[in-house]
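Worksheet: one structure, shown below.
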Amino acid sequence: MMTRPWDGIISEEDLRAYDAAGFGRPTGLGKRPALVIIDVQYRTTGTKPAPFFDAIEEFKTSCGQVAWDAMANIEKLLAVFRAKGWPVLYPYVAPKQSFDTGRLGDKVPALLGVAAKGYEFPPQIAPKDGDILLPKKHPSAFFGTPLASYLIDLGVDSLVVVGCSTSGCVRGSVVDGFAYNFRCTVPQDACYDRSYTSHAVNLFDMAYKYADVAPTDDVIAALAKIA
(Lines give C-alpha, C1' and ligand atoms only; values in the text may rest on other atoms or scores of the structure.)
Protein backbone atom coordinates (compact mmCIF):
# COMPACT_ATOMS: atom_id res chain seq x y z
CA MET A 1 0.00 0.00 0.00
CA MET A 2 1.27 3.46 -0.91
CA THR A 3 2.68 5.45 1.99
CA ARG A 4 0.74 8.64 2.62
CA PRO A 5 2.14 11.69 4.46
CA TRP A 6 -0.38 11.30 7.27
CA ASP A 7 0.33 7.63 7.93
CA GLY A 8 1.35 7.26 11.58
CA ILE A 9 -0.08 10.70 12.41
CA ILE A 10 -3.81 10.25 11.81
CA SER A 11 -5.09 7.35 13.91
CA GLU A 12 -6.56 4.22 12.37
CA GLU A 13 -9.78 4.96 14.26
CA ASP A 14 -10.04 8.41 12.61
CA LEU A 15 -9.33 6.93 9.18
CA ARG A 16 -11.98 4.26 9.75
CA ALA A 17 -14.50 6.93 10.77
CA TYR A 18 -13.90 9.01 7.62
CA ASP A 19 -14.07 5.95 5.39
CA ALA A 20 -17.26 4.72 7.04
CA ALA A 21 -18.87 8.14 6.60
CA GLY A 22 -18.05 8.12 2.88
CA PHE A 23 -15.43 10.86 2.81
CA GLY A 24 -12.37 10.91 0.59
CA ARG A 25 -13.78 9.78 -2.75
CA PRO A 26 -11.54 10.80 -5.68
CA THR A 27 -12.86 13.39 -8.14
CA GLY A 28 -10.12 13.19 -10.78
CA LEU A 29 -8.89 15.83 -13.18
CA GLY A 30 -11.02 17.58 -15.75
CA LYS A 31 -10.23 18.25 -19.39
CA ARG A 32 -8.58 21.64 -18.94
CA PRO A 33 -6.29 21.83 -15.89
CA ALA A 34 -4.31 24.82 -14.65
CA LEU A 35 -1.19 24.78 -12.51
CA VAL A 36 -1.43 27.16 -9.55
CA ILE A 37 2.00 27.87 -8.01
CA ILE A 38 1.51 29.60 -4.68
CA ASP A 39 4.14 31.71 -2.89
CA VAL A 40 7.24 29.92 -4.19
CA GLN A 41 9.46 32.93 -3.58
CA TYR A 42 12.81 33.31 -1.84
CA ARG A 43 10.91 34.36 1.27
CA THR A 44 9.72 30.74 1.65
CA THR A 45 12.57 28.86 -0.04
CA GLY A 46 15.65 30.88 0.85
CA THR A 47 18.22 31.64 -1.84
CA LYS A 48 19.90 28.24 -1.37
CA PRO A 49 19.04 24.86 0.15
CA ALA A 50 19.59 24.83 3.90
CA PRO A 51 18.27 23.16 7.06
CA PHE A 52 15.36 25.02 8.60
CA PHE A 53 17.16 26.79 11.44
CA ASP A 54 19.92 27.92 9.08
CA ALA A 55 17.40 29.03 6.47
CA ILE A 56 15.52 31.31 8.86
CA GLU A 57 18.71 33.26 9.47
CA GLU A 58 18.23 34.59 5.93
CA PHE A 59 14.42 34.89 5.89
CA LYS A 60 12.34 34.22 9.00
CA THR A 61 9.57 32.97 6.72
CA SER A 62 11.73 30.34 5.02
CA CYS A 63 10.80 26.66 5.24
CA GLY A 64 14.31 25.33 4.58
CA GLN A 65 15.25 22.15 2.72
CA VAL A 66 11.66 20.93 2.31
CA ALA A 67 11.01 23.88 0.01
CA TRP A 68 13.81 22.82 -2.33
CA ASP A 69 12.65 19.22 -2.30
CA ALA A 70 9.16 20.35 -3.28
CA MET A 71 10.51 22.80 -5.86
CA ALA A 72 12.16 19.92 -7.75
CA ASN A 73 8.71 18.37 -8.16
CA ILE A 74 7.13 21.69 -9.08
CA GLU A 75 9.70 21.92 -11.89
CA LYS A 76 8.54 18.55 -13.22
CA LEU A 77 4.91 19.64 -13.20
CA LEU A 78 5.75 22.97 -14.75
CA ALA A 79 7.51 21.23 -17.64
CA VAL A 80 4.35 19.19 -18.33
CA PHE A 81 2.07 22.21 -18.27
CA ARG A 82 4.37 24.25 -20.52
CA ALA A 83 4.67 21.37 -23.00
CA LYS A 84 0.86 20.99 -23.10
CA GLY A 85 0.24 24.73 -23.37
CA TRP A 86 -1.99 24.63 -20.29
CA PRO A 87 -2.39 27.70 -18.06
CA VAL A 88 0.13 28.44 -15.32
CA LEU A 89 -0.82 30.97 -12.64
CA TYR A 90 1.30 32.46 -9.88
CA PRO A 91 -0.56 33.80 -6.86
CA TYR A 92 2.26 35.33 -4.83
CA VAL A 93 2.74 37.36 -1.70
CA ALA A 94 2.94 41.02 -2.58
CA PRO A 95 5.40 43.27 -0.71
CA LYS A 96 3.82 44.49 2.51
CA GLN A 97 3.02 48.15 3.11
CA SER A 98 2.43 49.94 6.38
CA PHE A 99 -1.32 49.78 5.84
CA ASP A 100 -1.20 45.96 5.54
CA THR A 101 -0.49 45.45 9.24
CA GLY A 102 -3.98 44.42 10.42
CA ARG A 103 -4.44 41.01 11.98
CA LEU A 104 -1.57 39.62 9.91
CA GLY A 105 0.89 41.87 11.70
CA ASP A 106 -0.67 40.99 15.03
CA LYS A 107 -0.34 37.28 14.46
CA VAL A 108 2.97 36.94 12.58
CA PRO A 109 4.98 40.19 12.64
CA ALA A 110 7.86 38.52 10.72
CA LEU A 111 5.67 38.48 7.61
CA LEU A 112 5.80 42.26 7.45
CA GLY A 113 9.57 42.67 7.53
CA VAL A 114 10.72 40.54 4.59
CA ALA A 115 13.55 42.09 2.54
CA ALA A 116 12.85 42.94 -1.10
CA LYS A 117 14.90 39.96 -2.33
CA GLY A 118 12.47 37.67 -0.56
CA TYR A 119 9.70 38.52 -2.99
CA GLU A 120 11.65 37.32 -6.03
CA PHE A 121 10.99 33.94 -7.66
CA PRO A 122 13.69 31.24 -7.79
CA PRO A 123 14.75 30.98 -11.46
CA GLN A 124 13.92 27.30 -11.85
CA ILE A 125 10.19 27.91 -11.35
CA ALA A 126 10.00 31.60 -12.32
CA PRO A 127 7.09 32.91 -14.43
CA LYS A 128 7.46 33.29 -18.19
CA ASP A 129 5.64 35.45 -20.74
CA GLY A 130 2.05 34.27 -20.95
CA ASP A 131 1.81 33.13 -17.33
CA ILE A 132 -0.58 34.97 -15.04
CA LEU A 133 0.75 36.69 -11.92
CA LEU A 134 -1.64 37.47 -9.08
CA PRO A 135 -0.33 39.52 -6.15
CA LYS A 136 -2.26 38.67 -3.00
CA LYS A 137 -2.46 39.95 0.54
CA HIS A 138 -4.14 37.00 2.27
CA PRO A 139 -3.81 33.20 2.39
CA SER A 140 -6.33 32.18 -0.26
CA ALA A 141 -5.29 32.89 -3.85
CA PHE A 142 -8.96 33.67 -4.52
CA PHE A 143 -9.49 36.25 -1.77
CA GLY A 144 -9.33 39.79 -3.15
CA THR A 145 -7.85 38.68 -6.50
CA PRO A 146 -9.31 38.09 -9.99
CA LEU A 147 -8.18 34.44 -9.99
CA ALA A 148 -11.66 32.98 -10.52
CA SER A 149 -12.25 35.38 -13.41
CA TYR A 150 -9.01 34.34 -15.12
CA LEU A 151 -9.80 30.65 -14.68
CA ILE A 152 -13.27 31.06 -16.17
CA ASP A 153 -11.88 33.01 -19.12
CA LEU A 154 -9.30 30.27 -19.75
CA GLY A 155 -11.94 27.54 -19.65
CA VAL A 156 -10.24 25.82 -16.72
CA ASP A 157 -12.14 23.06 -14.95
CA SER A 158 -9.48 21.69 -12.59
CA LEU A 159 -6.58 22.97 -10.54
CA VAL A 160 -3.25 21.40 -9.66
CA VAL A 161 -2.20 23.38 -6.60
CA VAL A 162 1.41 23.48 -5.40
CA GLY A 163 3.63 25.68 -3.25
CA CYS A 164 3.61 27.10 0.25
CA SER A 165 2.47 26.63 2.82
CA THR A 166 0.50 23.40 2.80
CA SER A 167 -1.43 24.37 5.93
CA GLY A 168 -1.93 28.01 4.97
CA CYS A 169 -2.12 29.40 1.47
CA VAL A 170 -2.31 26.04 -0.32
CA ARG A 171 -5.11 24.80 1.89
CA GLY A 172 -6.96 28.15 1.83
CA SER A 173 -6.80 28.24 -1.97
CA VAL A 174 -7.92 24.62 -2.32
CA VAL A 175 -10.91 25.17 -0.03
CA ASP A 176 -11.98 28.22 -2.05
CA GLY A 177 -11.28 26.48 -5.37
CA PHE A 178 -13.45 23.59 -4.21
CA ALA A 179 -16.19 26.08 -3.26
CA TYR A 180 -16.08 27.43 -6.83
CA ASN A 181 -16.56 23.85 -8.09
CA PHE A 182 -13.09 23.39 -9.56
CA ARG A 183 -11.68 19.88 -9.30
CA CYS A 184 -8.60 20.26 -7.10
CA THR A 185 -5.49 18.09 -7.00
CA VAL A 186 -2.60 18.59 -4.57
CA PRO A 187 0.66 16.81 -5.35
CA GLN A 188 1.74 15.91 -1.83
CA ASP A 189 5.47 16.31 -2.50
CA ALA A 190 5.15 19.55 -4.48
CA CYS A 191 3.90 21.61 -1.54
CA TYR A 192 5.71 22.38 1.67
CA ASP A 193 5.40 23.71 5.19
CA ARG A 194 7.70 24.55 8.10
CA SER A 195 5.96 21.86 10.16
CA TYR A 196 5.80 18.29 8.85
CA THR A 197 2.91 17.48 11.19
CA SER A 198 0.90 20.44 9.93
CA HIS A 199 1.81 19.53 6.33
CA ALA A 200 0.63 15.94 6.81
CA VAL A 201 -2.56 16.71 8.73
CA ASN A 202 -3.66 19.33 6.22
CA LEU A 203 -2.95 17.00 3.30
CA PHE A 204 -5.13 14.43 5.05
CA ASP A 205 -7.92 16.94 5.57
CA MET A 206 -7.79 18.11 1.95
CA ALA A 207 -7.70 14.53 0.68
CA TYR A 208 -10.81 13.58 2.59
CA LYS A 209 -12.82 16.74 1.98
CA TYR A 210 -11.64 19.02 -0.82
CA ALA A 211 -9.06 17.55 -3.19
CA ASP A 212 -7.28 14.55 -4.62
CA VAL A 213 -3.88 14.17 -2.96
CA ALA A 214 -1.18 12.04 -4.60
CA PRO A 215 2.56 11.97 -5.32
CA THR A 216 3.77 14.19 -8.15
CA ASP A 217 4.64 11.25 -10.39
CA ASP A 218 1.08 9.90 -10.09
CA VAL A 219 -0.35 13.33 -10.89
CA ILE A 220 1.89 13.57 -13.96
CA ALA A 221 0.70 10.13 -15.08
CA ALA A 222 -2.91 11.29 -14.74
CA LEU A 223 -2.17 14.49 -16.65
CA ALA A 224 -0.66 12.44 -19.48
CA LYS A 225 -4.05 10.77 -20.04
CA ILE A 226 -5.79 14.06 -20.82
CA ALA A 227 -6.23 14.47 -24.55
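The values are calculated or read from the model by the stated rules, or taken from the named source; none is laboratory data. This is a predicted model, so every value here is computed, not measured. Reconstructed Cβ throughout: ideal geometry from the backbone, glycine too, with neighbour counts over all protein chains shown. These area figures cover heavy atoms from the full protein model, side chains too; ligands, DNA and RNA do not enter into them. Shrake-Rupley method; radii C 1.70, N 1.55, O 1.52, S 1.80 Å.
Distance between the C-alpha centers of the stretch 165-227 and the stretch 5-49? Whole Å please.
3
From the phi of every residue in the stretch 164-178, what ³J(HN,Hα) in whole Hz does the Karplus formula 6.51 cos²θ - 1.76 cosθ + 1.60 yield, where θ is phi - 60° and glycine or proline is x?
My calculation for the stretch 164-178 gives 9, 8, 3, 7, x, 6, 5, 4, x, 6, 5, 4, 6, x, 4 Hz in order.
Would you list, by chain and number, the lysines whose Cα falls below 20 Å from the Cα of K48, excluding same-chain residues fewer than 8 positions away?
Here the lysines satisfying the reach criterion relative to K48 are K60, K76, K117.
Which residues in the stretch 57-82 place their backbone N less than 17 Å from a point set 7 Å from the Cα of T3 along the Cα-to-Cβ direction?
66, 69-70
Summarise the accessible area of the chain (1.4 Å probe, protein heavy atoms) by the percent that is carbon and sulfur. If you can, show how the numbers build up before the last one.
On the way: 6110 of 10920 Å².
Of all accessible area on the chain, carbon and sulfur atoms account for 56 percent.
Which peptide among 147-157, 38-48 comes first, and what is the full order, when sorted by highest mean count of other Cβ atoms within 10 Å? Don't jump to the answer; show the numbers that get you there.
Numbers: 147-157: 15.6, 38-48: 23.6.
Highest to lowest by the protection proxy: 38-48, 147-157.
Based on the mean of other Cβ atoms within 10 Å per residue, sort peptides 115-124, 130-139 so the most packed one is first.
Working: 115-124: 13.6, 130-139: 15.7.
Ranking, from highest mean packing down: 130-139, 115-124.
Using a probe radius of 1.4 Å on heavy atoms only, what accessible surface per residue do you get for the stretch 88-191? Whole Å² is fine.
Numbers: 4850 Å² over 104 residues.
Per residue, the stretch 88-191 has an accessible area of 47 Å².
From the helices alone, meaning DSSP H stretches of at least four residues, give me the mean residue ellipticity at 222 nm for the chain, per-run term -39500 (n - 2.57), in deg cm²/dmol to the nearest 500.
-10500 deg cm²/dmol
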